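S.K.: Here you go, one structure.
What follows is calculated from the coordinates using simple rules that are stated; it is not laboratory data. Here the structure is a predicted model, which is why all the values come from computation and not from measurement. FYI the Cβ positions are ideal-geometry reconstructions off the backbone, even for glycines, and counts take in every protein chain you see.
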Amino acid sequence: MSELLAASYAWLKAGHIIAVIAWMAGLLYLPRLYVYHAAAPIGSDRAATFQVMERRLLRGIMLPALIGTYLFGLLLIASGVVNGSERWLQIKLALVLLLTIFHMLLARWRRDFAADRYPHTPRFFRVVNEVPTLAMIGIVLLVVVKPF
């Protein structure tokens with residue numbers, strides 16, 4: 001099995017990168033939608049529009065991309081081409097776990113918005129919007145430079 005995975009490594013890597021890009025796009029965009037949603041009056045047409053956009057982004061793009069990111073990433077590790085005991089990879093996986101927790105927080109906040117409970121201020125969401133960017137920078141540096 002690992003021989004087949006190793007032979008498919010380039011395809012698995014491409015799938016992983018595509019899934020990561022889609023997931024990151026959502027992780028960067030959804031908090032920005034929350035900035036505008038938190039400023040919209042409860043029950044307004046604008047708030048209702050944001051609810052639809054947020055639900056579609058989370059369920060239609062981000063969740064499938066998250067699943068693809070994990071699936072392809074685990075297959076890359078299972079291929080044996082990537083050594084799972086390398087320190088850079090362990091730190092990268094910790095950052096991916098942080099992004100996964102962030103994803104779950106975004107989903108919780110979406111449910112709050114859908115119930116017309118505004119969980120935080122627009123300023124809070126502006127600050128929170130920087131979390132995926134910082135994690136992404138760390139992940140890219142770890143994968144490309146492999147400093148450990």
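S.K.: By count of other Cβ within 10 Å, fewest leading, how are MET104, MET24, MET62, MET136 ordered?
M.R.: Neighbour counts put them in this order, fewest first: MET104, MET136, MET24, MET62.
S.K.: Once you place label points 7 Å from the Cα toward the Cβ at ILE101 and ARG87, how far apart are they in nm?
M.R.: Result for the modelled spin labels: 2.2 nm.
S.K.: Rg and Dmax of segment 2-145, Cα atoms, in Å?
M.R.: That works out to 17.3, 57 Å for Rg and Dmax.
S.K.: Among LEU12, LEU99, LEU74, which comes first, then next, by fewest other beta-carbon atoms within 10 Å?
M.R.: Sorted ascending by nearby Cβ count, the order is LEU74, LEU99, LEU12.
S.K.: Next question, about the same structure. How much FRET efficiency would the formula 1/(1 + (r/R0)^6) give for ASP45 and ILE17, where r is the Cβ-Cβ distance and R0 is 25 Å, rounded to 0.05?
M.R.: Rounded to the nearest 0.05, the efficiency is 0.05.
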